[in-house]
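Notes to accompany the following structure.
What follows is calculated from the coordinates using simple rules that are stated; it is not laboratory data. In this text, all values refer to a predicted model and were calculated from it rather than measured experimentally. FYI the Cβ positions are ideal-geometry reconstructions off the backbone, even for glycines, and counts take in every protein chain you see.
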């Protein structure tokens, strides 16, 4: 049962009623936990907080994009990019098994969630999510880079965080984070410096 | 002490270092609690989750604005609008005493927080916050309307929520929510229907 089905808004129907229903259902994103530890508190981050943080990163760091980007559109991509996890759950970056079934689970989730919206908007939001995943536009490449760069900052603040996942080395981290280089040479250089310093401090297992 | 001072990022200095520092410090927004109860869990909402939810509301409901708005710019306004609460704290909508000192506290917070950024960006983010507060642009009016409409949906889901604050009646709620009407006649009509139905169900004390 969706949240709006639990306590329907009887005074509002039609198109606006469907939109309110979607906006209530996505409250669930605030309960999807990620692996990343917060810098500001002793708990893990949730997807809604993470999505907001990415929006701020886009607004502050857009100048480093190797290609010109539309900031407002890029912020829409990051706001929407994790919505499917409401039904599909978060798949940790270093969970290879989970990542195999991820695409199928997320596509089913997208159909269910965006299907709560009026048809034209269901198509528009699905297109935003597809754009993010495909990384064929400059905006999507930058959005994805922020999605990889943000946990790096949180891991730094936690003196390791998910870098300490068993089996993960500095090489694994570099491989997973290399998509940052597809959007910004300067941010990728900075990310590599941070990983290398984490390696020197023993916050991530040494690479080969 | 700011968060980045606690664990400085030695490999990154200069302009990018300052920007990373700001982006780490604003992690604190995830720890600023609001009065609103979540629809999806038994706890209160925090400012970061709230800001993301407003971004989604802008993306879904922009078509109801009485004036044309730039969606991307409006999303930037809502992403930034509560940042000052990192140092000034959340001032509940129905706390008249707190609201008297709110402006002064928030201006001091803005100077401190945006001051972490390089000067040009400090000015740009301060300007976004000022624009939101002044409500002189169509984008700011719509952003503010979303800020008032979102807790209404959460209160509905909680069968009252902060509507049950002692001393608050349906008239108080209507007075505080009337700014929605400054952005969208259709959304204000829907909001009034929701408040009236809440009143009929006894979720808010009756107005006169």
_Kindly evaluate residue A:110 against the criterion of being facing another protein chain (nearest Cβ under 10 Å) and in contact (Cβ under 8 Å) with a residue 24 or more places away in the chain._
no
*Might you let me know whether the range A:127-136 holds any residue that is within 13 Å of another protein chain (Cβ to nearest Cβ), assigned to a helix (DSSP H, G or I) and free of Cβ contacts under 8 Å to residues at least 40 places away in the same chain?*
yes
*Just one of A:83, A:93 is away from chain B (no Cβ under 14 Å), outside any helix (DSSP H, G or I), closer than 30 Å to residue A:169 by Cα and within 11 Å of the chain's Cα centre (by Cα); which is it?*
A:93
*Name the residue, out of A:6, A:44, A:15, that is surrounded by fewer than 20 Cβ atoms within 10 Å (Cβ to Cβ), on the phi < 0 side of the Ramachandran plot and in contact with a strand residue (DSSP E or B) (Cβ under 8 Å, 6 or more places away or on another chain).*
A:44
*Determine which member of the set A:99, A:124, A:141 is in a helix (DSSP H, G or I) and in contact with a helix residue (DSSP H, G or I) (Cβ under 7 Å, 6 or more places away or on another chain).*
A:141
*With B:190, B:185, B:127 as the choices, which residue is exposed (fewer than 15 other Cβ atoms within 10 Å of the Cβ) and within 17 Å of residue A:20 (Cα to Cα)?*
B:185
*Could you tell me whether residue B:122 is within 17 Å of residue A:62 (Cα to Cα) and out of contact with any strand residue (DSSP E or B) (no Cβ under 7 Å at 6 or more places or on another chain)?*
yes
*Taking into account only those residues within the range B:152-208 that are in a loop (DSSP other than H, G, I, E, B) and under 21 Å from residue B:91 (Cα atoms), which is nearest to the other protein chains (Cβ to nearest Cβ)?*
B:158
